[in-house]
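Each remark here refers to the structure printed beneath this line.
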C-alpha cells in the first residue's frame, strides 16, 4: 500500500552527518565528521564496577522507574549543579535520553506549531531538526565572537515574539564560540524583560582547555532558579560515555513537571540501569579529575590539528583555535561549496561536516566543521593530508 | 516569569496511574495499579553476565550507536520474529526506548494534527496520551470478546478516514481480551482495502498461560512484510526486565526509515549499553524457557487472584479469567464510580486503576483494572481483603 506520511516528516531535511555516514560505509575513511569522544578515554573499568554494584543491589534495580529519573542520581546531580552556581532541588530536574531528548521535550512543552524560535548563527544542526519537526519558524540571530548580538536579538524578540531562544553559549557547536559574560548577562535581561524562555544547551562546558577559566552559565546568573527564564541541559555523553544515553534538564519545577508529563507519553522513562550505573559511578569514581584529564588531552589534539592545518599554509582558509569543546570551524575560500568538497574528500578517504547544515537560513557554504577529539597521531596527520589533497584539487577546479 | 505552555500540554489529561502513585507515596500500600512484572523473576544473574560480556568486548561498547539500534540485536530479533511467522530483515526494524516510544514514533510519522485514530473500547491509556499530545481525534470502535467489531470499524473507516488504527490484539490492556483469528483476518482485509495503517502493540503476547495456544499476529498474516499495513511493536520489558527500556518496531522499511529520522531528532538513539546487554543475553540465556516459566507463574497468580475474588462472593461484580497478560478487568455494580472507590481504597491501603482512564469516550465508570503479576500469597490475599472492605463500605454508601 501507499503510505501517507505526516506533513512534519515531509519537510524534515535529512541530516548531513547521516548522509555522510552512508557515503563512508564499507570504506576505509578517516572521519572528522562525527562528534565522537575518544573511546580510549572512556572509563570502562569504572563503569563496569559501577554496574556491578547496581546488580549487587538486587533485582529491584531492574524494575520500572520514575519518569523524572532515578532519584539518588538527581540528588547527586543537584550537588554537581550547585558546585557550578546552579542551586536546584530534585523537583527541578529531569533525566533524559541524552540532552537531545531534553531539547525535544522543552520544545514540545513550550511551543506551538508556527511559533518562532531564535537561534545562533550558525547553530547545532540536530536542534534545527527538532524545531522543524515541531513546525517552528526558525530565526537566526546575528552573532560575533562574543555570542548573539543583543541588538539583533532584541529586534527579533520585538518583531517575532519568539516562544523560545536556543543557544550553546559555551564552546558552541559548530563554531566553538564562547559567549562573553556581558552578552550572557544582557541576554538574560532581555529574556526576563520580554518573558522569553532561554534553552541553554551545555554539552561541552566541562571540556575546557584552560582549567582555571570560568564561564558562568546563564542559569547561574538568574536570581532564583524558580521562576527564571533559563532551562539548562547537560549530559554525561562527553564526560563519561555516550552509550549510557543520560542527560538532564534543570528549570523551574512547573516546566520540569510538564516535561515529565510529555516524557511519560514519549517513553515512560529512560534506562534506569544506565542511571543507576552513573549514580554508582559518581559515588566511587573521581569524575572531576577524569574530566580534567579528558579536557587536557582534547586540548592537545586541538593544537595538533591546528598545527597541521597551519603547516599546510592554505590560502584564504581561516579558523580560530577554540578554548574548549570538540570542533574546529573552518572558513574556506569564498565561493567554495563545502558539500561538493565533501564528495571529493570522501573519494580521498576523509570526511567532515559541510557547514551549510548548521545555518537556519542563508548558509555560508564555504565552511566546514572538523572534529579533533576522535583522531590523533598518524591518523590525524593522514586525515589533514587527504583533506589538503581534496582542497587542492577542488580549488584548482573552481 | 509566567510560562506559556504549548496547547498540546494544556489538553493533556494527567495519568490516573501517576496520580495514584502520588496518593500512595509514603504509605504502606498494596498496589494492584501498576503494570509491574514480578521482580523475583528478573534474570538478574544472566543480565549481569551479559553486561560483563559487553564490558569485556572493550571501550567501543560505550561509544555512540546507530539510531536504528545495535545491529546484532536487530539481527537476533529478526530471527525471533521469524519464529513467530514474521519475516523481516534488519532494515525493517528499529529499536526504541520501550515499546511506548515505538507508539510515539509511529504516531509522529504517520499522522497530522486533527487526524483520526481508531482504538479499542477500552484501550491502553498511555497510547491515548500519545494521541492527545499529537492533537488526534480518537474514535473508539465497539468491541466484544472477540476484538473490534468489524462492521463498526468499517463504518468509522468510511466516515472518518482514519490515518491509523491502534490495538493490542493479544491480551489487551486493560481487558486481557484476545482477538479471534477471524477478526484479525477481517481487520487486516479492511486495512488493506481502505489503505489504513494498523499499529499492532504486542507487549504481552509472550505471557500466555496455555503454552500450546497460538495467536497469530496480524503482522504475520500479511502476504508480504514490505508494503503491508501492519506495524508491529514488542518489548523486553515484560519478558526480561523494564529497566533496560528496550522495545522494537517492525514494519515496511520506508516506515522504519521515517521512524529513524524522527527518533534521531528525539534522542539520537536509545541506550546501546542496554541493547548490547540484551544481545549478549539472547546468545547465552535460554530466554524462551524463561518466558515459559514466567507465563506459568503469572497464570498461577491470576488463578489465585480470581479464586480470592470468587470467594468474596461480591454481588454484581463480573470478570472473566484472562488467557494471558498481566491484568484482570472487573465490572463493578452499575452506578459505582471506581475513581471514588479508589480514593476510599487508598485509605484502606490498596490501589488499583479506575477503568474510566482507558476509554477514549463514554467511559464505563464502574470498571477497574487489577494487576496480578506483582503481588502474591499473603500480600495478594490482604490486598483483596482491603479491596473488599472498601467495596463494602462504598456500596453501603451509594
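All of the numbers you see were taken from the coordinates with simple rules; none came from a lab. Here the structure is a predicted model, which means the values were calculated and not measured. Reconstructed Cβ throughout: ideal geometry from the backbone, glycine too, with neighbour counts over all protein chains shown.
Our summary gives region B:301-398 a relative contact order of 31 percent, counting only alpha carbon pairs under 8 angstrom and 6 or more residues apart. Normalised by residue count, region A:257-398 yields a Cα convex hull volume of 181 Å³ per residue. Think of it as helices only: each DSSP H run of n ≥ 4 in the protein assembly as shown is worth -39500 (n - 2.57), and spread over all residues that comes to -14000 deg cm²/dmol at 222 nm.
With semi-axes defined as the square roots of five times the eigenvalues of the C-alpha gyration tensor, the equivalent ellipsoid of region A:1-132 measures 32, 25, 18 Å, largest first.
Using the Cβ-Cβ distance between residue B:10 and residue A:392 with R0 set to 45 Å, the FRET efficiency works out to roughly 0.20. Each 5 Å bin from zero holds the following percent of Cα-Cα pairs in region B:189-291: 2, 10, 17, 20, 19, 17, 10, 4, 1. Distance between the modelled labels on residue B:321 and residue B:57, one decimal in nanometres: 4.3 nm (7 Å Cα→Cβ projection).
In region A:135-231, the C-alpha radius of gyration followed by the widest Cα-Cα span (Dmax) gives 13.1, 42 angstrom. The GNM of chain A, with springs linking C-alpha atoms under 10 angstrom apart, assigns the highest mean-square fluctuation among A:12, A:188, A:164 to A:12. When chain B is treated as a GNM with alpha-carbon contacts under 10 Å, the residue of B:94, B:103, B:384 showing the greatest mean-square fluctuation is B:384. Averaging the sequence gap over all C-alpha pairs within less than 8 Å and six or more residues apart, then dividing by the number of residues, gives region A:1-159 a relative contact order of 20 percent.
Size descriptor for region B:100-146, Kirkwood hydrodynamic radius: 11.1 Å (Cα pairs only, one decimal).
Share of antiparallel DSSP beta bridges in chain B, in percent to the nearest 5? Roughly 60 percent of the DSSP beta bridges within chain B come out antiparallel. Our summary gives region A:44-284 a relative contact order of 30 percent, counting only alpha carbon pairs under 8 angstrom and 6 or more residues apart.
Overall, the ratio between the Cα radius of gyration of region A:140-189 and 2.2 N^0.38 Å, rounded to two decimals, is 1.09.
Along Cα→Cβ, 7 Å out, is where each label goes; now give me the distance between the ones at residue B:185 and residue A:3 in nm to one decimal. In this crude label model, residue B:185 to residue A:3 measures out at 2.7 nm. The simple Förster model, with R0 at 56 Å and r as the Cβ-Cβ distance, assigns residue B:80 and residue A:137 a FRET efficiency of 0.80.
If you model the protein assembly as shown as an ellipsoid using its alpha carbon gyration tensor, with each semi-axis the square root of five times an eigenvalue, the axes come out at 47, 28, 26 Å, biggest first. Placing pseudo-labels 7 Å out from each Cα toward the beta carbon at residue A:89 and residue A:361 gives an inter-label distance of 4.4 nm.
Give, in nm to one decimal, the length gained when the segment between residue A:296 and residue A:337 is fully stretched (0.36 nm per residue of separation minus the Cα-Cα distance).
Once the chain is fully extended between residue A:296 and residue A:337, it gains 11.4 nm.
Restricting the calculation to Cα atoms, region A:335-398 shows an Rg/Rh of 0.99 when the hydrodynamic-style radius is the Kirkwood one.
The rotation axis that maps chain B onto chain A passes nearest to the beta carbon of this chain B residue, listed with its distance in whole angstrom: B:271, 2. Bridges between two residues of the protein assembly as shown, per DSSP, are antiparallel at a rate of about 60%. Chain A has equivalent-ellipsoid semi-axes of 33, 26, 21 Å, by the square roots of 5 times the alpha carbon gyration tensor eigenvalues, sorted largest first.
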